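Enquirer: One structure, as structure tokens, below. Some questions next.
The values are calculated or read from the model by the stated rules, or taken from the named source; none is laboratory data. Every value quoted in this text rests on a predicted model; they were computed, and no experiment measured them. Because the Cβ atoms are built from the backbone with ideal geometry, glycine has one as well, and the counts that use them run over all protein chains shown.
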Amino acid sequence: MSVFEELKQHIERGKVSFSLISILFVLFVIAFFTGFSYLCYTFMYLISYLVLSASWYLLYSYSGQLSLGHALPFGVGAFSLMIFLSRLNFHPIIALILAPLVAAAVGGTVGLTTIRLRPAYQGIALLIASQVAFWISLLQVGEEGISLGVQILAGGHIYGIILLISLICMLSIFFVENSKIGLKLKAIKEDGLASQSLGINVTYYKILIFFASSFFAGLGGTSFALYTSHADYTIFSIPNSFLPIAMVVVGGSGELTGCILGSVIISILMRYLPIKIGLPWTYIIYGFLVVLVLKIYPAGLLGAIKRALTKKPEGG
Amino acid sequence: MISAQLISSLLAGIAYGLTLSLIAAGLSLIYGVMKIVNTSHGAFYILGGFFCFSFISFFHLPLFVSILLTATVTFVIAAGVVYYVLPANLRVTVDPDGQNTVMITFMALATIVEYLLLFTFGGSSVAVPSILPGSIEIFPGVFIVNQLLLVSIVSLFIYLALYLFLKYTRLGRGIYAFAQNKELAEALGLSGGFLACVTFGIGCTFASTSGALLASVFSINSSAGWSVLPLAFVIVTLGGIGNIFGSLAGGLIFGIVYSVGLFFIQAYSIVMVLLVMYGILLIKPTGLLGGLVERV
Amino acid sequence: MEVESVTKKFIGVTALSKVSMKIKERGIFGLIGPNGSGKTTLLNVINGFLRPEEGQVKLKGKNLVGLKPHVIARMGVGRTFQFPRMFSKLSVESNILVSNPALEGTQKLREILETFDLSKVKDKLASDLGYGQRKMLELARVLATDAQILLLDEPLGGLDSKGIEKMLNCIREINEQYNKIIVVVEHNLDQLFSIADYVYVLHGGKKVEEGTPKEIRSSKILHDVYFRGF
């Protein structure tokens, strides 16, 4: 099969996510040209969290591994970038490439240690790991964290870079999903034993996806740090581990489309709700949303939309 | 060089560890029956502290009454959560997807609690007044804060009560049996859903009581929950998951390591402890003392 | 393939004790014995899910013991399970493709679907299949891996007479068309004898008898093992 045909097949299989991603990026570009900085920041926030939640989705929906501490690679990506740029004075491009790799290394290694644990333990172990990072970063760089005083890159360039990074990220995830690897991963999630008897090296894939997931989470963190020019210990706080979960769950955990929906909605709300009703109530509402969705409508928003679309028309 | 200060530190650590064992025991209990790690355990801890504070400050109730009241209210809330929020099929489940769902649900609830408290009380810490102010000098130069001593003794009593409950009451024996062998217990007529409600109630009550007690020694703020949960978890792991009394040993070990670490290294001790515990979790996931063998 | 003197112990129980089998040519080989005689355990050992205390399992001279299950699978040993293990959220076709993604859209895939009577339901979710179809799917899946040795754990279990007939025909067809070594663990002796070329009898973890179906059928040991508890 030629490359084009394979490409076409992939897009066919996941046409909804693909169109969503495309629309998002078109909007993103348009937002830039309108020049509304608040809108731009909203989009950049959205993109970082989209990438973070997609990375969590990848880990959870594709290998069944629960991470209650995904703030770890997210924060490591952010901190690495800041350290590379402000303390070590690396060239921006190099820093941007290295930071997510560091996140992948850290997240993947930590994840590697948890693979043999049963799911409940694994989730908590990762939570502990993110707390360790929380404390270490607080103790090492204090409450002020690391900031980039000087604008190393022009605003427009930052925007463009983030756009590019996340485009690559989302498309990679999309392609992996619909590829042969995606199929193997789905099989592993369903039944690791049966997969093994079919020749799939379960451990290898589980580890691989941990590194991949951490890489993407780190990418999200790097983007976040890039536009805020700052990283401090709060990036490792629990809400950053909880938000991606909330986004995926509310949107619909079965598919990438759900993840995109959930993260867009929650991110947008995050920019507006805290101003209206305060941060505490925003999180309270998110908590309720998650509980509600899990209890009443586990298929999430996406499930609700699908059902609405496939309902037969009234009447004869 | 063993100085009087080090011993004081050690004693404080042990007392602290003993009280934390209570939280760990609660976590262990919940895991034994529901097969999940209670991600909202830390939330109940801080809830306990804040409830106790409220009862004392707003209703002017004495300390012990407040603690009892806190325990009761927590039990009702916790059991209610299992009853009303968790669908029946998820109360006791060995299916990983189900377990993950429950853990995520509890994490969401913990978030709700944390931010409700943040909203109600602001970001400041609260403390409950001690009833035994001052400290006692055990040996020349070796001090321990009275209240801390009292609190740890109370914790031991509660632990004893737990032991008696599990061994001598029907309900307690039922819980213990269920944790050992779910199928057998169900075949003998024990209802998993009911036991889940009760056990979750008891477990969270332990967490909140511990929080109430420790609020009389230290102060508590709304973000303390997420610091306590890892500690409780590693104590449980040290002692052996499912082994309720292993948590006691785990708490002791933690107390000693933490206080020694605090004495010599200060700031990083919590990181050190977490890392040590993380290491143990990896090497022997069923805990140092083994305990009940886990069914996969 | 050779199983040499395999011993497998669990806590308090010796599940297999110095069991040996020599399978030289293609064909259908039966593995029978009462419940608890160690049949599934033996499959698990060959497959790599369990590690024996003693003994070796040789495939073309290479020892399989100690290798990871997926490596053994890649070397050509396929397995079905007593209770069909599906990838329930995947479609029937996807289930088969997991083992061999390269088959997508090929003639061979269509043939496999035909052989197991799954062509009409190929896009259905595996969880929507009936029990008989699931058993077929399991077999189809393992066939798609091009495994040379197929270990079938009670393929006839739970099937009605029609299902049994279908399954037997499939097994025969696989044997004739694809030239495999097929080891069948089965309780249903009559049916097994109708397709097997050679049979091994296990009892209490030991191999107590082996021979052609005709020999075994008339042997006294079989009677003792099944009806008198030996």
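Enquirer: So which residues in segment A:267-312 are crowded, with 20+ Cβ neighbours inside 10 Å, farther than 19 Å from B:E114 by Cα and either modelled with pLDDT of 80 or more or among the hydrophobic types (A, V, I, L, M, F, W, C) (or both), if there are any at all?
Expert: A:S267, A:V293, A:L294, A:L302, listed by residue number.
Enquirer: Still on this structure: For segment A:216-251, how many residues are more than 14 Å from every other protein chain (Cβ to nearest Cβ) and without any contact (Cβ under 8 Å) to a residue 60 or more places away in the chain?
Expert: Matching residues across segment A:216-251 total 1.
Enquirer: Residues of segment A:60-80 being assigned to a helix (DSSP H, G or I) and at pLDDT below 90, which ones?
Expert: Kept after step one, since they are assigned to a helix (DSSP H, G or I), are these residues of segment A:60-80: A:60-63, A:71-80.
Selection gives A:Y60, A:S61, A:Y62, A:S63.
Enquirer: A further question follows. Is it the case that some residue within segment C:198-217 is in a loop (DSSP other than H, G, I, E, B) and hydrophobic (A, V, I, L, M, F, W, C)?
Expert: Within segment C:198-217, not a single residue is in a loop (DSSP other than H, G, I, E, B) and hydrophobic (A, V, I, L, M, F, W, C).
Enquirer: Right, here's the next one. For C:S127, state whether it is of a type in the set (S, T, Y), surrounded by 15 or more Cβ atoms within 10 Å (Cβ to Cβ), free of Cβ contacts under 8 Å to residues at least 60 places away in the same chain and at negative phi.
Expert: No.
Enquirer: Quick one: B:L68 ticks every box in (1) under 18 Å from the mean Cα position of the chain (by Cα); (2) over 21 Å from B:S222 (Cβ atoms); (3) not in a helix (DSSP H, G or I) except a single one, so which number is it?
Expert: All conditions are met except number (3).
Enquirer: Output yes when any residue across segment B:265-284 is within 11 Å of chain A (Cβ to nearest Cβ), buried (at least 16 other Cβ atoms within 10 Å of the Cβ) and at pLDDT 80 or above, and no when none is.
Expert: No.
Enquirer: In the set A:L261, A:L301, which member is over 23 Å from B:V85 (Cα atoms) and more than 14 Å from chain B (Cβ to nearest Cβ)?
Expert: A:L261
Enquirer: State which residue is farthest from the other protein chains (Cβ to nearest Cβ) when the search covers only segment B:76-90 and only residues that are under 18 Å from B:T205 (Cβ atoms) and surrounded by 17 or more Cβ atoms within 10 Å (Cβ to Cβ).
Expert: Residue satisfying both the conditions and the ranking: B:A79.
Enquirer: Within segment C:180-228, how many residues are polar (S, T, N, Q) and modelled with pLDDT under 80?
Expert: 3
Enquirer: So A:L273 passes all but one of these: (1) within 30 Å of A:F174 (Cβ to Cβ); (2) within 11 Å of chain B (Cβ to nearest Cβ). Which condition number does it fail?
Expert: The failed condition is (2).
Enquirer: For B:L149, only one of the following conditions fails: (1) more than 14 Å from chain A (Cβ to nearest Cβ); (2) of a type in the set (A, V, I, L, M); (3) touching a Gly at 6+ places or on another chain (Cβ under 9 Å). What is its number?
Expert: Tallying (1) more than 14 Å from chain A (Cβ to nearest Cβ); (2) of a type in the set (A, V, I, L, M); (3) touching a Gly at 6+ places or on another chain (Cβ under 9 Å), B:L149 fails exactly one: (3).
Enquirer: Suppose the filter is more than 14 Å from chain B (Cβ to nearest Cβ) and crowded, with 24+ Cβ neighbours inside 10 Å; does A:L88 pass it?
Expert: Working: more than 14 Å from chain B (Cβ to nearest Cβ): yes; crowded, with 24+ Cβ neighbours inside 10 Å: no.
Spelling it out, it is not the case that A:L88 is more than 14 Å from chain B (Cβ to nearest Cβ) and crowded, with 24+ Cβ neighbours inside 10 Å.
Enquirer: Checking the conditions here, which among B:L156, B:L164, B:L117 is surrounded by fewer than 22 Cβ atoms within 10 Å (Cβ to Cβ) and either within 10 Å of another protein chain (Cβ to nearest Cβ) or free of Cβ contacts under 8 Å to residues at least 12 places away in the same chain (or both)?
Expert: Of B:L156, B:L164, B:L117, the one residue that is surrounded by fewer than 22 Cβ atoms within 10 Å (Cβ to Cβ) and either within 10 Å of another protein chain (Cβ to nearest Cβ) or free of Cβ contacts under 8 Å to residues at least 12 places away in the same chain (or both) is B:L164.
Enquirer: Further question: Given B:I220, B:I244, which one is surrounded by 24 or more Cβ atoms within 10 Å (Cβ to Cβ) and over 22 Å from B:G49 (Cα atoms)?
Expert: B:I244
Enquirer: Could you please find all residues in segment B:232-250 being within 9 Å of chain A (Cβ to nearest Cβ) and in a helix (DSSP H, G or I)?
Expert: Scanning segment B:232-250 gives B:F233, B:V234, B:T237.
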